[in-house]
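Trainee: Dropping a structure here in C-alpha cells format, bear with me for questions.
The values are calculated or read from the model by the stated rules, or taken from the named source; none is laboratory data. Since we're looking at a predicted model, the values are computed, not measured. All Cβ positions, glycine included, derive from the backbone under ideal geometry; neighbour counts span all protein chains shown. Note: accessible area is taken over every heavy atom of the protein model, side chains too, but ligands, DNA and RNA are not part of it. Shrake-Rupley method; radii C 1.70, N 1.55, O 1.52, S 1.80 Å.
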Amino acid sequence: MERWATFDCYGTLIDWNGGIRRELARVFGEERADALLHRYHGLEPQLEADGTRSYREVLTEAMRGLGAPDGEQEALANSLPSWQPFPEVRAALEESRSGGWKLAILSNSDRDYIDASMDSLGVPFELAIVASEIGSYKPGHRHWERFFEQTGAPREGHVHVAASRFHDVAPANELGLRSVWINRLDEPAEPKPTRELTDLSRLADTLDELVPA
C-alpha cells in the first residue's frame, strides 16, 4: 500500500508567523508588529472566504486593511518567497521519504509561492495543490478532494500534517482523515487531532505509528 503524507506549508514547514511579523515590523515598526500580526490573523480568513482572490491578492488586501502606506501594500506579498523553513523540517521530510512516504503539499497559496518555498525546503514532493488553482481555501474540503482525485491515494494510507486547527485539523476530522497537529505555540488541542507534536523532529516515527509499512 502506498503511504502518503500531505502537509500544510506556511506555519507547518515554513515559518509563516516569523515571515509576516518581520515584514510588519519593517513597515509599521517593531512596537506595533505583534498587535498587527494578531489583526492579520483575523483579516486573512475573511479575505479568503469566497475563494476568488489569489493569495498574492489576499496578502496585499490584508496589508491595505492594516493601513500600510502607498508603496508598501504589496510588501508582504513580495516578501513571501524569502520566508524560511523551520530548522528541523528538512531532516524530518528526508527521513519520512527514506521510510517510503510520498509527500504532497496542500496550501492556501499560489503556484509561484509554493515553487519558491519548495526550493527553500530542498526536499522533493510528489505534488502540490494550491488554492489559486482550485478556487477554494482551506478549511474548505476541495484541497483533499483534488489530492485524492489526482493521486488515487488510499485513505487508510494517508496522514495530513499541519499547524492550523481551523484550516487543517477541523476539516481533516470532518473528512474522517488522520492528522498530525504541529503545535508550535502550545495551544489547547481543540478540535483534537489524531496525534500532536511540538515540531516535526519526531514526524517519521509518528507517521509510521499511524500507518505501519
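Trainee: Determine, from the Cβ-Cβ distance of Leu127 and Ala91 and an R0 of 22 Å, the FRET efficiency 1/(1 + (r/R0)^6), rounded to the nearest 0.05.
Mentor: Working from the Cβ atoms, E equals 0.50.
Trainee: So if the hydrodynamic radius of the chain is defined as the Kirkwood radius over C-alpha pairs, what does Stokes-Einstein give as its diffusion coefficient at 10 °C and 1.306 mPa s, in µm² per second?
Mentor: The estimated diffusion coefficient comes to 91 µm²/s.
Trainee: Sticking with this structure for a sec: Estimate the FRET efficiency between Arg26 and Glu196 by the formula 1/(1 + (r/R0)^6), using the beta-carbon distance for r and 45 Å for R0, to the nearest 0.05.
Mentor: Result of the calculation: an efficiency of 0.85.
Trainee: Sequence-distant or interchain residues sharing an amide H contact under 5 Å with Lys102, placed H: which?
Mentor: Close amide H contacts, sequence-distant or interchain: Arg3, Trp4, Ala5.
Trainee: Distance from a point 7 Å along Cα→Cβ of Glu156 to each backbone N in the stretch 163-195: keep the residues under 18 Å and list them by number.
Mentor: The answer is 176-179.
Trainee: In whole Hz and in residue order, list the ³J(HN,Hα) couplings for the stretch 191-202 that follow from phi through the Karplus curve 6.51 cos²θ - 1.76 cosθ + 1.60, θ = phi - 60°; x for Gly and Pro.
Mentor: Result, ordered by residue: x, 7, x, 6, 9, 10, 10, 7, 7, 8, 5, 9 Hz.
Trainee: With just the Cα atoms of the stretch 110-213, tell me how far they stretch along each of the three principal axes, in Å, largest first.
Mentor: 31, 31, 30
Trainee: With the calculation restricted to Cα positions, what are the radius of gyration and Dmax of the stretch 6-109 in angstrom?
Mentor: Every Cα atom of the stretch 6-109 included, Rg and Dmax give 15.3, 49 Å.
Trainee: What FRET efficiency comes out for Glu187 versus Met1 if R0 is 30 angstrom and r is the Cβ-Cβ distance? Round to the nearest 0.05. If you can, show how the numbers build up before the last one.
Mentor: Working: r = 33 Å, r/R0 = 1.10.
Taking R0 as 30 Å, the efficiency between Glu187 and Met1 is 0.35.
Trainee: Taking 8 Å as the Cα distance limit and 6 or more residues as the minimum spacing, I'd like the relative contact order of the stretch 80-213 as a percentage. Please list the in-between numbers first.
Mentor: On the way: 182 pairs, mean separation 29.3, N = 134.
Once normalised by length, the contact order is 22 percent.
Trainee: Each residue of the stretch 178-183 in order: what ³J(HN,Hα) in whole Hz does its phi give by Karplus 6.51 cos²θ - 1.76 cosθ + 1.60, θ = phi - 60°, with x for Gly and Pro?
Mentor: Couplings: 6, 9, 10, 8, 8, 9 Hz.
Trainee: Now for a separate question. With N residues in the stretch 157-213, what two-decimal value do you get for its Cα radius of gyration over 2.2 N^0.38 Å?
Mentor: Its radius of gyration relative to the 2.2 N^0.38 Å reference: 1.03.
Trainee: Another question, then. Tell me which of Val89, Phe148, Val123 sits at the most positive position along the dipole axis of the stretch 66-148, charges placed on C-beta atoms (Lys, Arg +1; Asp, Glu -1).
Mentor: After comparing all options, I get Phe148.
Trainee: Can you work out the accessible area per residue across the chain, with the rest of the protein chains kept in place, probe 1.4 Å, in square angstrom?
Mentor: Here the per-residue accessible area is 44 Å².
Trainee: Return the long-range amide H neighbours of Glu196 (sequence gap of 5 or more, or a different chain), with a cut-off of under 5 Å between placed amide H atoms.
Mentor: Trp181
Trainee: In the calculated pair distance distribution of the stretch 53-134, what percentage of Cα-Cα distances lie above 17 Å?
Mentor: That tail contains 54 percent of the Cα-Cα pairs.
Trainee: Please state the Cα pair-distance histogram of the stretch 1-48 with 10 angstrom bins from zero: what percent is in each bin?
Mentor: P(r) for the stretch 1-48, in whole percents per bin: 23, 42, 21, 9, 4, 0.
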